[in-house]
Amino acid sequence: MLDYFVIGKIVNTQGIKGEVRVVPTTDDINRFKNLKEVYIANRKNMDLYEIQSVRFHKQFVLLKFKGVNNMNEAELLKNSEIKIPKDLAIPCEKDEYYISDLYGMQVITDTDENIGTIEDIIFTGANDVYVVKKDESQILIPAIKQCILNVNVEEKIMKVHLLEGLR
């Protein structure tokens, strides 16, 4: 079974000729120029679409898919995720990792206390926030250098320093 990465979300249509407006969830939005096709996950379906054109406008990526020729057809794709197979992902640099690798990761403090697993990630303007849950408790940890000490993707362990007030 293939693993997929979400690289964007279709949030609206653009114009009347079938373009869609995408909020990218990838660090490098230029990657859209290099893709020939993507998967669109809409409700319970995931279908392959060929990219006809890519342009950029403000913070959006504007995509035109082959076979989507008007606003009504594009409207059906609204609120869908754009996915690519993991093997098409841009390789990570040293000390980088994919967001999808963080889900389910064990989180321990610099005093070796197990505080739970990453259940969700909140994407804010300033920095991401990791939602760490253990039993019924939850801790929100900002993804900043002062808090995140080490991420070991292979062992699925994140070592953190809890700043004053995070508990």
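Over the chain, what is the mean sequence separation of C-alpha contacts under 8 Å (at least six apart), divided by residue count, expressed as relative contact order in percent? Write out the running numbers ahead of the final one.
Values: 319 pairs, mean separation 31.1, N = 167.
Taking the mean separation of contacting Cα pairs over the length of the chain, I get 19 percent.
Calculate the dipole size of region 5-144 relative to its Cα centre from +1 charges on Lys and Arg beta carbons and -1 charges on Asp and Glu beta carbons; express the result in debye to the nearest 20.
1100
With mean projected area of the Cα convex hull in nm² defined as stated, name the option among [x] 18.4; [y] 11.6; [z] 10.6 computed from the structure displayed.
After the calculation, the listed value that fits is [y].
Which shape class, rounded, prolate or oblate, goes with region 99-160 when its Cα gyration tensor gives a ≥ b ≥ c as root eigenvalues, a/c under 1.5 marks rounded, and past that a/b bigger than b/c marks prolate?
Values: a/c = 1.31, a/b = 1.17, b/c = 1.12.
The shape class here is rounded.
Using a 10 angstrom cutoff on alpha carbons, build the Gaussian network for the chain and name the most mobile of ALA41, ALA74, ALA126.
The residue with the greatest mean-square fluctuation here is ALA126.
About the Cα centre of region 4-88, what is the dipole size in debye to 20, counting +1 per Lys and Arg Cβ and -1 per Asp and Glu Cβ, all else neutral?
It comes to approximately 140 debye.
To the nearest 20 debye, what is the magnitude of the charge dipole of region 99-160 about its Cα centre, counting +1 on the Cβ of each Lys and Arg and -1 on the Cβ of each Asp and Glu?
Working: 5 positive and 11 negative charges, 35 e Å.
Result for region 99-160 is approximately 160 debye, rounded to the nearest 20.
With Cβ to Cβ distances under 9 Å as the rule, what net charge do the other residues near VAL54 carry (K, R +1; D, E -1)?
Net of charged neighbours comes to +3.
If the limit is 28 Å between Cα atoms, which of LYS33/LYS156; LYS36/LYS58; LYS58/LYS134; LYS9/LYS33; LYS33/LYS159 go over it? Intermediate results must be reported in sequence, preceding the final value.
Working: LYS33/LYS156 32 Å; LYS36/LYS58 22 Å; LYS58/LYS134 40 Å; LYS9/LYS33 16 Å; LYS33/LYS159 36 Å.
Correct reply: LYS33/LYS156; LYS58/LYS134; LYS33/LYS159.
Read the figures in this text as sums done on the coordinates, not as results from a lab. Keep in mind the model is a prediction, meaning the values are calculated, not measured. Neighbour counts run over all protein chains shown; Cβ positions are idealised from the backbone, glycine included.
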